[in-house]
Amino acid sequence: MNERPIGVFDSGFGGLTAVRRLRDLMPSENIIYFGDTSRVPYGNRSRDTILKYARQDTRFLRSFDLKAIVIACGTVSSNCLPQLQAENDIPIIGVVEPAVRRAAALTRNKRVGVAATRATVASGAFQRALAALDGDVTVFSHPCPLFVPLVEEGRCRPEDPVIRLVAEEYLLPLREQGVDTLVLGCTHYPLLSDVIAQVMGRSVALVDSGAEAAAALQALLAEREALAEGSGGVRCYTSDRAADFQRLASLFLGEDSAIQAQQIDITRY
Ligand code: DGL
């Protein structure tokens, strides 16, 4: 048993998709979430900038006495995981490995798509991880840079013509490759899963990378006998206006009670 909180971070709201799954799987855990809403998106930035931001996010979270961190951001996971793991003495879980394990188990025709940010696609992290797991799988990846700002604007409904048009442009090349499994390699994308499923067709299995990371953390904590047994809860921090965060976070987390968030200056970390 270990009552210390779990830290979770993302560039913005997307990581809340992982928090939602963590809450479903482990309601007794205390979660501290940081969304770097003043600097989102990370996915169009250089690797050096992403690493600098990720280190600050991690340092802020480590101002709490945590038992583990989930990097609920595909961009940071695919560009910075080894560095962050080497620099910290608590378990740090990214989204790439857990998502890839699920995709390899699901694919029947060995053709897997990855939809992600530019920086994630450029890193090649999903391809490498899938190749290491199953050399017969061919990976097709495609950057979807407009998805994150649209999600941050709350433009997620499948009947929204803007998101529909953007989704068709980004996803048709993956559909044409005949993939039977599509990894949502960015944690914002599960909020678009209805429109993505419509464009890809119902026969294509979608893999929610944040949810897979949450399940991987649960397995790790169970193995180490480090699960909490208290009443659990979520505390949120953001680097921009708390009111904006609270409004969208409650929606994304799907929790009845309003989410309280506190603004912090991330540049101090
Ligand atoms: N949720 C982040 C990810 O998974 C969003 C990326 C961004 O900030 O561009 O990659």
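The values are calculated or read from the model by the stated rules, or taken from the named source; none is laboratory data. All values reported here derive from a predicted model rather than from experimental measurement. Cβ: placed from backbone, ideal geometry, glycine included. Neighbour counts: every protein chain shown. Protein only, heavy atoms only, side chains kept; ligands, DNA and RNA dropped before computing areas. Shrake-Rupley method; radii C 1.70, N 1.55, O 1.52, S 1.80 Å.
Taking interchain pairs and intrachain pairs at least six residues apart, which have beta carbon atoms under 7 angstrom, with the first residue in region 84-113 and on the phi < 0 side of the Ramachandran plot and of a type in the set (Lys, Arg) and the second crowded, with 21+ Cβ neighbours inside 10 Å and outside any helix (DSSP H, G or I)?
ARG102/VAL207; ARG111/VAL179
Kindly provide the set of residues from region 40-85 that are of a type in the set (Val, Ile, Thr), within 11 Å of the ligand (Cβ to nearest atom) and either out of contact with any helix residue (DSSP H, G or I) (no Cβ under 7 Å at 6 or more places or on another chain) or more than 20 Å from GLY124 (Cα to Cα) (or both), ordered by number.
If the condition is that a residue be of a type in the set (Val, Ile, Thr), within 11 Å of the ligand (Cβ to nearest atom) and either out of contact with any helix residue (DSSP H, G or I) (no Cβ under 7 Å at 6 or more places or on another chain) or more than 20 Å from GLY124 (Cα to Cα) (or both), then VAL40 is the only one that fits.
What's the number of the only condition in (1) open to solvent by less than 10 Å² (accessible area, probe 1.4 Å); (2) touching a strand residue (DSSP E or B) at 6+ places or on another chain (Cβ under 8 Å); (3) away from the ligand (no atom under 15 Å from the Cβ) that ILE163 fails to meet?
For ILE163, the failing item is (2).
Among the residues of region 12-25, how many are open to solvent by less than 10 Å² (accessible area, probe 1.4 Å), modelled with pLDDT of 95 or more and out of contact with any strand residue (DSSP E or B) (no Cβ under 7 Å at 6 or more places or on another chain)?
0
Would you confirm, using the coordinates I've provided, whether ARG111 is over 29 Å from ALA226 (Cα atoms) and within 16 Å of the ligand (Cβ to nearest atom)?
Considered against the rule, which asks whether it is over 29 Å from ALA226 (Cα atoms) and within 16 Å of the ligand (Cβ to nearest atom), ARG111 comes out as no.
Which strands (runs of 3 or more DSSP E) does region 157-269 wholly contain that include 1 or more residues that are under 27 Å from ARG111 (Cα atoms)?
Here the list reads 181-184, 205-208.
Anything in region 3-38 that is under 17 Å from GLY154 (Cβ atoms), in contact with an Asp or Glu (Cβ under 9 Å, 6 or more places away or on another chain) and either in a loop (DSSP other than H, G, I, E, B) or more than 16 Å from the ligand (Cβ to nearest atom) (or both)? List them, or say none.
SER11, GLY12, PHE13, GLY14, THR37
Kindly provide the set of residues from region 214-269 that are closer than 15 Å to TYR33 by Cα and touching a Pro at 6+ places or on another chain (Cβ under 6 Å), ordered by number.
Matches in region 214-269: GLY232 only.
On the basis of being without any contact (Cβ under 8 Å) to a residue 24 or more places away in the chain, open to solvent by 30 Å² or more (accessible area, probe 1.4 Å) and either closer than 19 Å to ARG202 by Cβ or among the polar types (S, T, N, Q) (or both), does GLU176 make the cut?
yes
How many residues does region 245-269 contain that are over 20 Å from the mean Cα position of the chain (by Cα) and within 24 Å of LEU192 (Cα to Cα)?
Going through region 245-269 one residue at a time, the tally reaches 3.
What helices (runs of 4 or more DSSP H), lying completely within region 39-119, carry at least 1 residues that are among the basic types (Lys, Arg) and open to solvent by 60 Å² or more (accessible area, probe 1.4 Å)?
47-61, 96-106
Out of the residues in region 179-204 that are open to solvent by 30 Å² or more (accessible area, probe 1.4 Å) and either within 16 Å of the ligand (Cβ to nearest atom) or among the small types (Gly, Ala, Ser) (or both), state the one that is farthest from ARG101 (Cα to Cα).
LEU191
Condition test on VAL151, is it closer than 19 Å to VAL121 by Cβ and at pLDDT below 95?
Yes: the conditions hold for VAL151.
So in region 128-148, with the set limited to residues that are among the small types (Gly, Ala, Ser) and free of Cβ contacts under 8 Å to residues at least 40 places away in the same chain, which one is most open to solvent (accessible area, probe 1.4 Å)?
Applying the filter and picking the extreme gives ALA132.
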